[in-house]
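Colleague: Quick one: the structure is below, and I'll ask about it shortly.
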């Protein structure tokens, strides 16, 4: 099966910074998997995601989406963003509209969909994220977990085939995390590829079907969770041995 | 924050905003155009009744907001009612004080003009209070869009509205963090902490703005914030109240002052 994304020797440096955020990153991201992207702060997880959505453009190297090089024209980006949705770490960065329903409707309307189809999608995404009772509420009056689900609904309403969730779980309680995992599982059951940036090895152990470990802007490992967690030298090399006690192996 | 909370939780929340805005703007215009104290006082009473009895905004809340506005108005109209001069005042004054070389006095005309101004302004602000307390900004923006107000202006207002809450949230968290580390125990370090807070708040807001831009772009933003229009209910009862109130206001206008 063609990988959903292929990064070939991608380099990226943020403005005014001497260190590279992505330093010759090369990786194939398999399609239809639940992928955990693991790495310390500053390892390049968010930068990788922003490249996947075309928000950042590689300064060197190439990115392919479903076998085709990314196009950075207006039409190309529109097509890419229709198929690749990104949920940001802090939902407050994403929720801009005064009411939840209006915020969710933003993406579908930008795709040029009719009001009737947009309304259907808003309702469908809200049902999937269990926020139908919040549709009329102002976004600033939501709890952290509700904001995360509203932000997720805003992306899902665009019906993307790939969902990138950037450390979405880091600021919400375990109950809200369960809700998010339920949503992600439903998406996966429908064939959506999911990339979840996380620091939590239990996500790698119990949720992911594929794991990518980033280290200083490069890929230190890409493979199955079993391959990673049963390989002590690999855990040592990727510094995950320091936190691997957080999960139990069979 | 207070106004916003009640705007989302009152009995007229789902009523067509054009009707509420129509009533409020008509009353506002009549208060300004008629310039008649009885008509203005009628508007004040009528708008208060609509807000408290019909929309079910607690009288305490409405009173608190009106009190704040009245205080501001009273201070602003002191200049109309009271005259300060070094020259000897005319004979026809209601009262006069001689303080050093200054004369402070009030005349019947000045008092009458001040009362007219206060009643006129209170009638007008009560109409605006009615609109603000019963209609969330999101509905007002949708209404402005229907009235063909330029999209960019509406988008900026929507973003400022959202950013206000984010800014207040950041401000609260940063100030709490400073207080936890004794940032406001003396006047001197309070000033220092406040200055640091201001600078950091600006940087944080700037960074948040950039992340918001990414989030908008990721969902296909092309320069216009398109969102679904909300659905509202018609309210013939309120429309009747509106027509009746305006007729009564015009009737008051006939009363000689």
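The values are calculated or read from the model by the stated rules, or taken from the named source; none is laboratory data. Since the model is a prediction, treat every value here as computed from it, not as a measurement. Note that we place each Cβ from the backbone using ideal geometry, even for glycine, and neighbour counts take in every protein chain shown.
Colleague: Every residue in the range B:24-42 that is in contact (Cβ under 8 Å) with a residue 40 or more places away in the chain and surrounded by fewer than 23 Cβ atoms within 10 Å (Cβ to Cβ), please.
Modeller: Scanning the range B:24-42 gives B:25, B:26, B:28, B:32, B:34, B:35, B:37, B:38, B:41.
Colleague: Testing residue A:248 on (1) at pLDDT below 90; (2) touching a strand residue (DSSP E or B) at 6+ places or on another chain (Cβ under 7 Å); (3) surrounded by fewer than 20 Cβ atoms within 10 Å (Cβ to Cβ), one condition comes back false. Which one is that?
Modeller: Among (1) at pLDDT below 90; (2) touching a strand residue (DSSP E or B) at 6+ places or on another chain (Cβ under 7 Å); (3) surrounded by fewer than 20 Cβ atoms within 10 Å (Cβ to Cβ), residue A:248 violates only (2).
Colleague: Evaluate the following for residue B:134: is it closer than 30 Å to residue B:70 by Cβ and within 13 Å of chain A (Cβ to nearest Cβ)?
Modeller: Judged against the criteria, residue B:134 is not a match.
Colleague: Going residue by residue through the range A:23-46, is there one that turns out to be under 29 Å from residue A:121 (Cα atoms) and within 14 Å of another protein chain (Cβ to nearest Cβ)?
Modeller: yes
Colleague: Please count how many residues of the range A:90-110 are farther than 19 Å from residue A:125 by Cα and in contact (Cβ under 8 Å) with a residue 24 or more places away in the chain.
Modeller: Selection size over the range A:90-110: 1.
Colleague: When only residues in the range B:204-218 that are out of contact with any strand residue (DSSP E or B) (no Cβ under 6 Å at 6 or more places or on another chain) and within 7 Å of another protein chain (Cβ to nearest Cβ) count, which is farthest from residue A:123 (Cα to Cα)?
Modeller: B:208
Colleague: Restricting attention to the range A:107-121, which residues are over 19 Å from the mean Cα position of the chain (by Cα) and facing chain B (nearest Cβ under 7 Å)?
Modeller: A:109, A:110, A:111, A:115, A:118, A:119
Colleague: Against the condition under 31 Å from the mean Cα position of the chain (by Cα), part of a helix (DSSP H, G or I) and exposed (fewer than 11 other Cβ atoms within 10 Å of the Cβ), how does residue B:174 come out, does it pass?
Modeller: Answer is no for this residue.
Colleague: Ok, one more. Which residues, counting only those in the range A:91-101, are at the interface with chain B (Cβ under 7 Å from one of its Cβ atoms) and under 22 Å from residue A:53 (Cβ atoms)?
Modeller: Result: A:92, A:93, A:94, A:96, A:97.
Colleague: What single numbered condition from (1) part of a helix (DSSP H, G or I); (2) under 18 Å from the mean Cα position of the chain (by Cα); (3) over 26 Å from residue A:20 (Cβ atoms) fails to hold for residue A:204?
Modeller: The single condition residue A:204 does not satisfy is (3).
Colleague: Sticking with this one: Would it be correct to say that residue B:221 is assigned to a helix (DSSP H, G or I) and within 14 Å of chain A (Cβ to nearest Cβ)?
Modeller: no
Colleague: Okay, moving on. I'd like the full set of residues that are more than 18 Å from residue B:220 (Cα to Cα), surrounded by fewer than 19 Cβ atoms within 10 Å (Cβ to Cβ) and touching a strand residue (DSSP E or B) at 6+ places or on another chain (Cβ under 9 Å), limited to the range A:64-89.
Modeller: Of everything in the range A:64-89, those that are more than 18 Å from residue B:220 (Cα to Cα), surrounded by fewer than 19 Cβ atoms within 10 Å (Cβ to Cβ) and touching a strand residue (DSSP E or B) at 6+ places or on another chain (Cβ under 9 Å) turn out to be A:64, A:66, A:67, A:69.
Yes/no matrix, rows are residues, columns are (1) in contact with a helix residue (DSSP H, G or I) (Cβ under 7 Å, 6 or more places away or on another chain); (2) within 9 Å of chain B (Cβ to nearest Cβ); (3) over 30 Å from residue A:25 (Cβ atoms):
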position	(1), (2), (3)
A:72	no, no, no
A:84	yes, yes, no
A:128	yes, no, yes
A:131	yes, no, yes
A:134	yes, no, yes
A:141	no, yes, yes
A:145	yes, no, yes
A:152	yes, no, no
